[in-house]
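Note sheet for the following structure.
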Amino acid sequence: MRALDVSAAAALGALPQWWTDLENNPALQEYANYGLGAAYGLIALVALVQLVRIQLRVPEYGWTTQKVFHLLNALVCSLRCGSFLFRAQMEQLHPDALRLVLFDLPGLLFFTTYTLLVLFWAEIYHQARSMPTASLRPIFIAFNALVYACQGGLWAYESMADSDAAQRVSHIISAGFLAAVSLCAAVGFLLYGGRLFLMLQRFPIESRGRKKKLREVGMVTSICAACFSLRALMVALSAIDAAELDLDVMSHPLLNIIYYAAVEVIPSAWVLAILRKLPPKRTNQGYQSIPTR
C-alpha cells in the first residue's frame, strides 16, 4: 500500500503548476461548490418538470418505471444541490455518521436511479425471448437493499473509528465497496443494454422506430457504462491516496468539478434529454415506460 501511495503522489506531482494554484485558490473552492450546486439544481428542476408533464399526460397510471426514474433523479440532484450549496456547514456536522450519510447517500441513490434502466431493459429482453420475468424485480430490490445495508454498516464503522489508522482502513474499505458497486452497474448496462441493442439490430429494417430505439439504447448504454466505470476508477484512486485524490472535500475544488461533471452532471443531463419524449396518452397494449423516441 505504501508503494501505491508513493506512485499516486508522484503522478500528482507531475501535474502543472496552474492545477496546484487553482486547487489552493479560496475563491475557486467557494464558487466551485456554488456552480456544482446550481448545475444539480437545474437538473433536479428539469426532472421534476418532466415528472409533472408525464403525470398530466397519463394521470390514470400509477408509479411507472418512468415516473420513479424521474422522481429519483430529482431527489438525487436536490440532495447534491444542497450538499454543495451548504458544503462548509456540512463539514462541521456532528456526529460524523450524519455527515457521512449526507455525503454518500446521493451516490447510492444515483446507483438505484440508473439501475432502474437496467431492470427495465432486462424485462424487455426477457419478455422478447419468452423468458420468465417474475424474479427480476425481487432481485433488483434485494440487491439494492444489500448495497444500502452494507453501506450502512460501513458508515457505522467509519463513525466509530477512533484513530488515524482505523479511519484510513475504513476509508479504503468504503471506497473499495463503492467502486465495486459502480462496476456492477457498468456491467449491468453492458450486459442488458448490449443484449437489447443486438436484439433490436435483428429486427426488420422497416420496423417502426427501430433506428430511433437503437440509437437511444446504444447512447444510454454507452453513457451510463462509461460514467459508472469512471466513478469506480476515481473512487478507487481516492482510496489509494486519500490525501491528494480525496473527493468531496473543500481543498480539491477542481478535482470535484471534473469528477462530478463527468460521472453525474453531464450523464444525467444527457440521459434526461434522450428520454425526454412523453408517453402516449393511451394504447391498447398498455403503458410503455421510458418509451422510444
Legend entry - Cα Rg, Dmax (largest Cα-Cα span) when computed across the range 52-112, Å: 15.3, 46
Inset, instruction - Along each of the three principal axes of the Cα atoms of the range 64-193, give the extent in whole Å, ordering the values from largest to smallest. - result: 55, 30, 21
Legend entry - For the range 160-169, Karplus couplings with θ = phi - 60° (6.51, -1.76, 1.60), whole Hz, Gly/Pro x: 8, 5, 10, 9, 4, 5, 5, 5, 5, 5
Legend entry - Estimated D of the range 95-274 in µm² per second, where Rh is the Kirkwood radius over Cα pairs and Stokes-Einstein applies at 4 °C, 1.567 mPa s: 72 µm²/s
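I need the calculated FRET efficiency for the pair R53 and A273, taking r as the beta carbon distance and R₀ as 25 Å, to the nearest 0.05.
0.95
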Inset, instruction - At a Cα cut-off below 18 Å, give the lysines reachable from K213, other chains included and same-chain residues fewer than 8 away excluded. - result: K277
Legend entry - Positive dipole terminus of the range 95-274, leading residue within I141, L255, L98 (C-beta point charges): I141
Legend entry - Local electrostatic count at Y31 - Lys and Arg +1, Asp and Glu -1, tallied over other residues with Cβ under 14 Å: -1
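Stokes-Einstein D for the range 142-209 at 4 °C, 1.567 mPa s, Kirkwood Rh over Cα pairs, in µm²/s? Intermediate results must be reported in sequence, preceding the final value.
Working: Rh = 14.9 Å.
In µm²/s, the coefficient rounds to 87.
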Legend entry - Inter-label distance for Q92 and F203, nm, one decimal - labels placed 7 Å from Cα along Cα-to-Cβ: 5.7 nm
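Report the full-extension gain for the segment A165 to L45: residue separation times 0.36 nm, less the Cα-Cα distance, to one decimal in nm.
Stretched out fully, the A165 to L45 stretch lengthens by 39.0 nm.
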Legend entry - Length-normalised contact order for the range 95-274 - Cα pairs under 8 Å, 6+ apart - percent: 22 percent
Legend entry - Extension gain, V187 back to S130 (0.36 nm per residue minus Cα-Cα distance, nm): 18.2 nm
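Bear in mind that the values in this text are calculations on the coordinates, not laboratory data. No experiment lies behind these values; they were computed from the predicted model shown. All Cβ positions, glycine included, derive from the backbone under ideal geometry; neighbour counts span all protein chains shown.
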